[in-house]
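J.: To start, I am sharing the structure in question, which I have written as structure tokens.
The values are calculated or read from the model by the stated rules, or taken from the named source; none is laboratory data. It should be emphasised that the depicted structure is a prediction, and the values quoted were computed from it without experimental measurement. Positions of Cβ are generated from backbone atoms using ideal geometry, with glycine treated the same way; all protein chains shown enter the neighbour counts. Side chains are part of the model used for accessible areas, which takes the heavy atoms of the whole protein and leaves out ligands, DNA and RNA. Shrake-Rupley method; radii C 1.70, N 1.55, O 1.52, S 1.80 Å.
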Amino acid sequence: MSKTVIPVAIARRGLAIPALSRDQASGPLADSRGRGLRDLRISVTDRCNFRCTYCMPKEVFDANYPFLPHAELLTFEEIVRVARVFRDLGIAKIRLTGGEPLLRRGIENLVAMLSTALPDVDLTLTTNGSALAQKAVALYAAGLRRVTVSLDSLDDATFRAMNDADFPVAKVLDAIDAAAAAGLTPVKINMVVKRGTNDHQVVDMARRFRGTGHVVRFIEFMDVGATNGWRMDDVVPSAEIVRRINEAFPCEPTNPNHHGEVAKRWRYRDGQGEFGIISSVTEAFCSTCNRARLSTDGSLYTCLFASQGYDLKSIIRGQGGDAELARAIAAVWQRREDRYSEIRTAETARARKVEISYIGG
Ligand code: SAM
């Protein structure tokens, strides 16, 4: 695994913001493939207390890793300002993520500011759960209504090995209970499935959370970033995941909640709830992707697998007003052509993409 990768340095070079094309300047925003802009993911910190081997491997994200200095991070006021501009451009949903969002000091204040400024936007947050038991009540009081918790295994040894921070599974299970008790429901639970590492836990995860009201989402291991040593052989295709669950608990597909929903929904035939499948590798969903990402330091990315973003922070911290910011975002979106997962090869998987912790998972 290369230690020479410095994704932030690559990212900082930034792409030039294109001009708004006149003929597309009115009406609902759509990219060059006709995809609208609906979701915004905001990375509020590029730091995490876990070192999940598939996301922030210890060998790369070590004591010498150049995490962003605090002054580079967007302030809460700046995040709310950008979020408001995105909402005016059509965003209906915001996910706070990272890195580990609960590590950002005062995160509940940001939640309160966003939920007050944008009451019509569906606000959610993805966390590794390590600080959720302590923060669940405050997050709910601040206006958060839903949360996604990452949990890759119920087996303690497997989980500790995957988070590579020796974090016990019991604490994440406690956090899920605390989130539900605080009203952050339905709790969604993200499990990244990696062959030979935790795929033996798929049916156990389904069994553990059936009938609880929580929704497990099984995610194919992806070639995000440039440091996780991704190989196609490590991917468990979603069709195989569904087959294994179906053998234990008969299930059937059900309708999406909305156009462009990331997870395909499946429900148990015995009425014990549902689970989701996120198959970005074997069944690419680029054609309906309506997600933009705002990096921790204020760059706009239009694809999880991008290698460069567009610097919005210079506009935010410059003299430009909201109208200039809106024009820049609209212009970038209109020119968007990304469809990485549709054209993925072993070759593209090795490209120097930015890290998911920086642009928000
Ligand atoms: N720290 C938070 C957490 O652990 O949920 C939020 C950030 S994390 C990058 C967001 C989600 O991305 C997690 O559910 C994580 O499992 C997922 N993820 C990270 N790397 C991935 C990969 N290589 N393939 C698939 N999912 C990945």
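J.: How much of the DSSP bridge set in the chain is antiparallel, in percent, rounded to the nearest 5?
T.: Numbers: 12 of 41 bridges.
Around 30 percent antiparallel, to the nearest 5.
J.: A further question follows. In square angstrom, what is the accessible area per residue of region 252-361 with a 1.4 angstrom probe? It would help to have the intermediate numbers written out before the result.
T.: Numbers: 4600 Å² over 110 residues.
Spelled out: the 1.4 Å probe surface of region 252-361, per residue, equals 42 Å².
J.: Measuring from label point to label point, each 7 Å out along Cα→Cβ, what is the residue 49 to residue 115 span in nm?
T.: With each label placed 7 Å out from Cα toward Cβ, I get 2.2 nm.
J.: Next question. Using a 4.7 Å cut-off between beta carbons, which cysteines in the chain end up with no partner cysteine at all?
T.: By the Cβ distance rule, which asks for a partner under 4.7 Å, the isolated cysteines are 48, 251, 286, 289, 303.
J.: Short version: ³J(HN,Hα) in whole Hz for each residue of region 218-230, in order, from phi by Karplus 6.51 cos²θ - 1.76 cosθ + 1.60 (θ = phi - 60°), x for Gly and Pro, what are they?
T.: With coefficients 6.51, -1.76 and 1.60, one gets 8, 10, 5, 4, 10, 8, 6, x, 10, 10, 9, x, 4 Hz.
J.: Once the Cα atoms of helix 76-88 and of the chain are each reduced to a long axis, what angle between those two axes, in degrees from 0 to 90 to the nearest 10, is obtained?
T.: 90 degrees
J.: Using modelled backbone amide H atoms (1.01 Å from N, in-plane), which distant-in-sequence or interchain residues come within less than 5 Å of residue 299's amide H?
T.: 312
J.: So, one more: Would you list, by chain and number, the aspartates and glutamates whose Cα falls below 12 Å from the Cα of residue 264, excluding same-chain residues fewer than 8 positions away?
T.: The reachable aspartates and glutamates, counting only those whose Cα sits under 12 Å from residue 264, are 252, 274, 283.
J.: Springs between alpha-carbon pairs under 10 angstrom, Gaussian network model over the chain: which of 297, 322, 270 fluctuates most?
T.: 270
J.: Check the straight Cα-Cα distances from residue 58 and name the lysines below 25 Å, setting aside those fewer than 8 residues away within the same chain.
T.: Qualifying lysines at Cα under 25 Å: 3, 171, 194, 353.
J.: Continuing with this model, one more query. Across bins of 10 angstrom width beginning at 0, how are the C-alpha pair distances of the chain distributed, in whole percent?
T.: So the P(r) values, bin by bin, are 5, 25, 35, 26, 8, 1, 0.
J.: In Å and on Cα atoms, what radius of gyration and Dmax does region 231-343 show?
T.: That works out to 18.9, 60 Å for Rg and Dmax.
J.: Using only the Cα atoms of region 283-359, what semi-axes does the equivalent ellipsoid have when each is the square root of 5 times a gyration tensor eigenvalue? Give whole Å, largest first. Don't skip to the end; give the middle numbers.
T.: Working: eigenvalues 132, 41, 15 Å².
Over the Cα atoms of region 283-359, the semi-axes work out to 26, 14, 9 Å.
J.: Based on the Cα atoms of region 54-160, what semi-axes does the equivalent ellipsoid have, where each is the square root of 5 times one gyration tensor eigenvalue, given in whole Å with the largest first? Intermediate results must be reported in sequence, preceding the final value.
T.: Working: eigenvalues 140, 70, 33 Å².
So the equivalent ellipsoid measures 26, 19, 13 Å along its semi-axes.
J.: Let me ask something else. Residue by residue, what Karplus-based ³J(HN,Hα) values in Hz, rounded to whole numbers, does region 90-105 have, using 6.51, -1.76 and 1.60 with θ = phi - 60° and x for Gly and Pro?
T.: Listing the rounded values in order: x, 4, 10, 9, 10, 10, 8, 8, x, x, 9, x, 6, 7, 6, 4 Hz.
J.: So, one more: Using a cut-off of 18 Å between alpha-carbon atoms, which aspartates and glutamates can reach residue 135, once sequence neighbours fewer than 8 places away in the same chain are excluded?
T.: 100, 108, 174, 177
J.: Could you give the angle, 0 to 90 degrees to the nearest 10, between helix 322-335's Cα long axis and the longest principal axis of the Cα atoms of the chain?
T.: 60 degrees
J.: Something else about it: If I model region 162-217 as equal point scatterers sitting on the Cα atoms and use the Debye formula, what is log10 I(q)/I(0) at q = 0.19, 0.27, 0.30 Å⁻¹?
T.: Each listed q corresponds, in turn, to -0.76, -1.25, -1.32.
J.: For region 68-131, which whole percent of the accessible surface, found with a 1.4 angstrom probe, sits on carbon and sulfur atoms?
T.: Values: 1210 of 2290 Å².
Roughly 53 percent of what the probe reaches on region 68-131 is carbon or sulfur.
J.: With the chain treated as a Gaussian network of Cα nodes joined by springs under 10 Å, which of 343, 241, 94 yields the largest mean-square fluctuation?
T.: Looking only at 343, 241, 94, the largest GNM fluctuation is found for 343.
J.: Could you check what % of the DSSP bridge pairs in region 81-239 are antiparallel, to the nearest 5?
T.: Values: 1 of 16 bridges.
Within region 81-239, antiparallel bridges account for around 5 percent of the total.
J.: Quick one: pull the percent of accessible area on region 208-361 belonging to carbon and sulfur, 1.4 Å probe, ligands and nucleic acids left out. Write out the running numbers ahead of the final one.
T.: On the way: 2980 of 6270 Å².
Exposed carbon and sulfur together represent 48 percent of the surface.
J.: To continue, here is another question. Regarding region 138-288, what's the average projected area of the Cα-atom convex hull, expressed in nm²?
T.: Working: hull surface 39.3 nm².
Dividing the Cα hull surface by four gives the mean projection, 9.8 nm².
J.: Next up: Nearest 10 degrees is fine. How inclined is helix 107-117 to the longest principal axis of the chain, computing both from alpha carbons?
T.: 60 degrees
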